[in-house]
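Working notes for the structure below.
The values are calculated or read from the model by the stated rules, or taken from the named source; none is laboratory data. All values reported here derive from a predicted model rather than from experimental measurement. As a convention, Cβ positions derive from the backbone with ideal geometry for all residues, glycine included, and neighbour counts pool all protein chains shown.
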Amino acid sequence: MKSVSVVIPLFNEKDSLEELYTRLTDELKKTGLDSEVIFVDDGSRDGSDEILDGILRKGDRVRVIRLRRNFGKSAALCAGFEKAAGDIVVTMDADLQDRPEEIHSLIDRLREGKDLVSGWKKVRRDRFTKRFASWVFNRVTNLLTGVPLHDMNCGFKAYRREVIEEITVYGEMHRYIPVLASYKGFRIDEIPVEHDKRKHGRTKFGMERYVGGFFDLLTVIMLTRYNRKPLHIFGVIGVGMIALGIAIEAYLTIGWIYGRWIEDRPAFMLGILLLIVGVQCMSFGLVAEMVAWATRREQDFSIREDSGPVKNPRIPRIMKDSKA
């Protein structure tokens, strides 16, 4: 690892940019790596572009990417990832709640053999409602994905380059990058980091992001666990419904044999409904399997290392001009 790129997505953070750049420059010098700083202005309207112009004039290892409007954090990160040239890519927010002085800790953990290292804001400097919502979000995500990170949504992360080259970030998937990386087989870890109070401005995210985050979580689960085998989830749901429907109808049938009427009982209609919906779920799963097979675009695996072509004298060479 010889170089590091720091990608900073921002939206209306003009008051923190000068201090952030100064502290970041001092920290990057200590790493001993060639470095670049990439600011991605996600459609700021508070004068952040003027501050960034001043930073550009001061630094020769600074790059500014300006998006035409506010596309969201995932889009800003994707734009930064595409332009980053470093062997290591560090992401952090521009609000100074992440400390630039801790970048070396993330890089040191990468050097220990990890592919992605996430910050863990063990002590959060936010109001209680936000801390509680974050706790619930992380517990549910851990339970459903099996990725044991305490702070999935922390924007302070360090990646080996191959991670960002293999993972596509879109929509609001930035908070689930560790899940996508884990699915690919990358080694992930986390370290505690300090979380400072916001000095300027206000947060750009409200409680509504957790509602959208839940839907994104369902999307990630489908993309990772069931992307190539959708029948496994729809089939399980369908079989469960069919089994429950059969059990209900069997119970009512036994009662009918002993003289009890079943036509006017709600359970009779419920059992029929479960049978119909169960069959539909299984059919939908089969159709999804065919769609997944027909639209397959990428491999299901990620190669960590390839030693090169096999040199085995017992395997005859195939001449380039030979024809099958």
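Taking the condition surrounded by 15 or more Cβ atoms within 10 Å (Cβ to Cβ), in contact (Cβ under 8 Å) with a residue 60 or more places away in the chain and outside any helix (DSSP H, G or I), does V147 pass?
Judged against the criteria, V147 is not a match.
Kindly indicate whether any position in the range 262-273 is part of a helix (DSSP H, G or I), of a type in the set (V, I, T) and under 42 Å from the mean Cα position of the chain (by Cα).
yes
Which of the following residues is assigned by TED's automatic domain parsing to the domain that holds K157, part of a loop (DSSP other than H, G, I, E, B), buried (at least 16 other Cβ atoms within 10 Å of the Cβ) and in contact with a Ser or Thr (Cβ under 8 Å, 6 or more places away or on another chain): G86, G80?
Of G86, G80, the one residue that is assigned by TED's automatic domain parsing to the domain that holds K157, part of a loop (DSSP other than H, G, I, E, B), buried (at least 16 other Cβ atoms within 10 Å of the Cβ) and in contact with a Ser or Thr (Cβ under 8 Å, 6 or more places away or on another chain) is G86.
Mind checking which pairs have a first residue in the range 267-294 that is over 9 Å from L231 (Cβ atoms) and a second that is in a helix (DSSP H, G or I) and acidic (D, E), Cβ under 8 Å, 6 or more apart or different chains?
Filtered contacts from the range 267-294: F268/E249; G271/E249; I272/E249; L275/E249.
Just to be sure, is D15 in contact (Cβ under 8 Å) with a residue 40 or more places away in the chain, buried (at least 16 other Cβ atoms within 10 Å of the Cβ) and part of a loop (DSSP other than H, G, I, E, B)? Write out each step before concluding.
Values: in contact (Cβ under 8 Å) with a residue 40 or more places away in the chain: yes; buried (at least 16 other Cβ atoms within 10 Å of the Cβ): yes; part of a loop (DSSP other than H, G, I, E, B): no.
Here the answer is no, as D15 does not meet what is asked.
For the range 166-187, which residues satisfy the criterion of being of a type outside the set (D, E, K, R), within 12 Å of the chain's Cα centre (by Cα) and part of a loop (DSSP other than H, G, I, E, B)?
Matches in the range 166-187: I167, T168, V169, Y170, G171.
Test each condition in (1) at pLDDT below 75; (2) closer than 30 Å to L17 by Cα for K197 and report the one that comes out false.
Answer for K197: the failing condition is (1).
Considering (1) closer than 18 Å to Q97 by Cβ; (2) at pLDDT below 90, say which one T22 fails and leave the rest.
Of the numbered conditions (1) closer than 18 Å to Q97 by Cβ; (2) at pLDDT below 90, the odd one out for T22 is (2).
Going by the conditions given, is V163 part of a strand (DSSP E or B), closer than 27 Å to L33 by Cα and at pLDDT 85 or above?
So V163 fails the test.
In the range 140-176, how many residues are closer than 15 Å to S5 by Cβ and in contact with a helix residue (DSSP H, G or I) (Cβ under 6 Å, 6 or more places away or on another chain)?
3
Within the range 29-39, does at least one residue satisfy the condition of being free of Cβ contacts under 8 Å to residues at least 40 places away in the same chain and of a type in the set (D, E, K, R)?
Yes, the range 29-39 contains at least one residue that is free of Cβ contacts under 8 Å to residues at least 40 places away in the same chain and of a type in the set (D, E, K, R).
Regarding the range 36-58, can at least one residue be identified that is closer than 18 Å to E165 by Cβ, part of a helix (DSSP H, G or I) and not small (G, A, S)?
No, the conditions are met nowhere in the range 36-58.
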